């Protein structure tokens, strides 16, 4: 057993207890305050000097001057709970809402910082560790946007720890645009005003047309759409005066995103009339990658692949996804995303991970950093 593996084994119960404590702290996007306090106290106790910003990111910088390699893990979860989240261990699994997305990756970074401190390790070049906010849903990547706005000129590459390890490496950014669409009509009593235009009916008609639209035909790209939420109406015997829906389209190609926006705007304009007025508000936007130095990105991918292969013996697949890495990739900064755990059920309250996969993730993370960025 290597010294690194032995250290992980010796500290694993401590690491698991850390994850159980952290995963219980509620953290809806934009309300990560409890986790921010925990992180500031824990990282300070390790002997580092963390700092925060207005976006509720927690950052730790190591090394001297110059461009930094950045390592990120988002602290928010998709659930709106403000009370402690339930965490339990059963057999070979840990269960909790958000435990794999993304509490385990956050705690892996914390334990890696502990390892560096206990071994007196100094980086060969500057490093920036970021525990960022608002990655999920309508958080709209607020945390990483702030990081790249404040520090982007001083960041040479970004590795985001997110998702499950068996999903492989996310090396391409899937962009998206999310809209809130509101329809208003005259409405009325379901019997006395029968025939009056219904906002629900007209919204349903628009959704039907959106689902019949043609997708862009561009080889090598993938584009999707979805109407995810629809609300409206007053009662069963009322013709609805107002209806709202949330609609999004995604693509790994920015030209395809532009195609989808144009088509959406055209269908919306066709639906808008004197009897049914439609308004649309852009509530979320994630960009695709643009103009990234392909050689620098390939080198970063190779570093990640080598670390994973050295521990698991298997070369990870590559895919496209929507993560914090979208922002640096859209700015031309090489970025890769992969997870330090194996589990299932992300974005459900039954989410779980294999407990022993945390050891594999810790070893991959430590080997990646120790082999490439530490003396």
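All of the numbers you see were taken from the coordinates with simple rules; none came from a lab. Everything numeric here is computed off the predicted structure, so don't read it as measured data. Positions of Cβ are generated from backbone atoms using ideal geometry, with glycine treated the same way; all protein chains shown enter the neighbour counts.
List of remarks:
- One quarter of the convex hull surface built on the alpha carbon atoms of the range 100-152 amounts to 4.5 nm², the projected area averaged over directions.
- Shape analysis of the range 64-153 places it in the oblate category; the axes a ≥ b ≥ c from the Cα gyration tensor give an a/c of at least 1.5, with a/b not above b/c.
- Principal-axis tilt of helix 33-45 within the chain, Cα atoms, nearest 10 degrees: 10 degrees
- Projected-area average for the chain over all orientations - Cα convex hull basis, square nanometres: 20.8 nm²
- For the range 1-153, the fraction of C-alpha pairs farther apart than 23 angstrom is 38 percent.
- Highest mobility in the GNM of the chain, judged by mean-square fluctuation with C-alpha springs under 10 Å and restricted to 226, 102, 140, is found for 226.
- Histogrammed with a bin width of 5 Å, the alpha carbon distances of the range 290-375 distribute as 3, 13, 18, 23, 20, 14, 7, 2, 0 percent, first bin at zero.
- The value of relative contact order for the chain, using C-alpha pairs under 8 Å at least six residues apart, is 23 percent.
- On the basis of the beta-carbon distance and an R0 of 35 Å, residue 121 and residue 226 show a calculated FRET efficiency of 0.15.
- Global geometry of the range 52-114, whether rounded, prolate or oblate, following the gyration tensor of its Cα atoms and the 1.5 cut on a/c: oblate
- Cα gyration tensor of the range 175-286 - equivalent ellipsoid semi-axes, whole Å, descending: 31, 12, 11
- Most mobile listed residue (101, 162, 92) in the chain, GNM with C-alpha springs under 10 Å: 92
- From most to least packed by mean Cβ count within 10 Å, the peptides 268-281, 26-39, 336-349 give 336-349, 26-39, 268-281.
- Antiparallel bridge percentage (DSSP; both residues within the chain; nearest 5): 70 percent
- 10 Å binning of all Cα-Cα separations within the range 20-80, expressed as whole percents from 0 upward: 20, 50, 25, 6
- Spatial offset of the range 274-344 relative to the range 67-137 amounts to 18 Å, using the alpha carbon center of each.
- GNM top mover of 218, 67, 56 - the chain, alpha-carbon springs below 10 Å: 218
- The range 148-197 shape via C-alpha gyration tensor axes, a/c threshold 1.5: prolate
- With helices as the sole contributors, the chain gives -11500 deg cm²/dmol at 222 nm; each DSSP H run of n ≥ 4 counts as -39500 (n - 2.57), and the sum is divided by every residue.
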